[in-house]
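Engineer: Below you will find the structure I want to go over with you.
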Amino acid sequence: MTMLTDNWERLGPQLPAPLTLGPLLKPARDLIAPHLPGGEWKKWDAPYFEPLARDLVNGWLARMERDPWQLDHQTQIPTTLAILESGRAVGMAAWGWEHFPSGWRRVELSIYDPRDWNRGLGTAVLRAWSDWLLALPDTHRLDLRTWSGNERMLRVADKCGFQEDGRLRGAYAWDGRHVDEVICSRIGDAQTAVS
């Protein structure tokens with residue numbers, strides 16, 4: 001592992017108890033896996049994409065078995081983490097590079113069980129996750145993308161300091177109509193110029 005993963009509880013994003021972010025170890029995977037192919041959450045998380053096929057889910061779970069931290073090869077920072085509440089997996093937080101040389105990352109957040117919605121979990125996790133990522137010296141910009149019908153995620157993004165940059169109007173066909181893709185971002189304070 002790395003110094004970061006070995007000291008994750010101290011060096012990782014700090015969330016209000018009982019929330020934590022951690023590696024996708026077997027108990028977390030077992031709790032999350034049933035939700036991955038679809039479910040109520042999928043109606044809000046990019047519903048215009050087909051639900052994940054079981055073989056894709058199984059392949060993803062196999063990769064988690066080999067590398068529960070899912071470390072980015074360039075930075076050795078975990079890219080996908082379980083959202084845990086009192087040790088119970090409720091969702092996942094992730095990031096990926098849009099453009100490494102520019103310090104431009106994209107964040108994602110999913111909370112699967114509707115019983116865990118509207119309780120402030122998403123806001124707490126996105127705030128801590130995005131603050132932590134923006135504090136890294138190689139991050140200048142964080143994007144969060146969703147669709148125009150996901151009003152809860154848009155409110156969470158706004159509460160966490162993301163600003164809407166724009167909309168790709170009519171980007172996705174879904175449920176007999178076209179919906180917008182909404183792009184929101186936060187810019188890091190410490191790094192404003194490319195070195």
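The values are calculated or read from the model by the stated rules, or taken from the named source; none is laboratory data. Note that this is a predicted model, so its numbers are computed, not measured. Here Cβ is always computed from backbone atoms with ideal geometry, including for glycine, and neighbour counts include all displayed protein chains.
Engineer: Among helices (runs of 4 or more DSSP H) lying entirely in the range 1-64, which contain 1 or more residues that are modelled with pLDDT of 80 or more, of a type in the set (Asp, Glu) and surrounded by fewer than 18 Cβ atoms within 10 Å (Cβ to Cβ)?
Structural biologist: 3-6, 8-11
Engineer: If you don't mind, there's one more thing I want to ask. Quick check on SER110: is it under 23 Å from PRO68 (Cα atoms), at pLDDT 95 or above and under 15 Å from the mean Cα position of the chain (by Cα)?
Structural biologist: no
Engineer: Ok, one more. State whether the residues of the range 57-65 include one that is β-branched (Val, Ile, Thr) and closer than 28 Å to GLN163 by Cα.
Structural biologist: no
Engineer: Would you say GLY149 is under 27 Å from GLN14 (Cβ atoms) and either assigned to a loop (DSSP other than H, G, I, E, B) or modelled with pLDDT under 95 (or both)?
Structural biologist: no
Engineer: Still on this structure, please answer the following. Can you tell me which residue in the range 102-127 is surrounded by the fewest Cβ atoms within 10 Å (Cβ to Cβ), limited to those that are assigned to a helix (DSSP H, G or I) and without any contact (Cβ under 8 Å) to a residue 60 or more places away in the chain?
Structural biologist: ARG115
Engineer: Output the residues belonging to the range 153-195 that are of a type in the set (A, V, I, L, M), at pLDDT 95 or above and in a strand (DSSP E or B).
Structural biologist: LEU168, VAL182, ILE183, ILE187
Engineer: Search the range 173-186 for residues that are free of Cβ contacts under 8 Å to residues at least 12 places away in the same chain and pair each with any residue that is of a type in the set (A, V, I, L, M, F, W, C) and outside any loop (DSSP other than H, G, I, E, B) when their beta-carbon atoms are under 8 Å apart and the residues are at least 6 apart or on different chains.
Structural biologist: HIS178/ALA171
Engineer: With the requirement that a residue be in contact with a helix residue (DSSP H, G or I) (Cβ under 7 Å, 6 or more places away or on another chain) and under 14 Å from GLN74 (Cβ atoms), what does the range 91-136 give you?
Structural biologist: Once the filter is applied, which keeps residues that are in contact with a helix residue (DSSP H, G or I) (Cβ under 7 Å, 6 or more places away or on another chain) and under 14 Å from GLN74 (Cβ atoms), the range 91-136 yields TRP95, ARG105.
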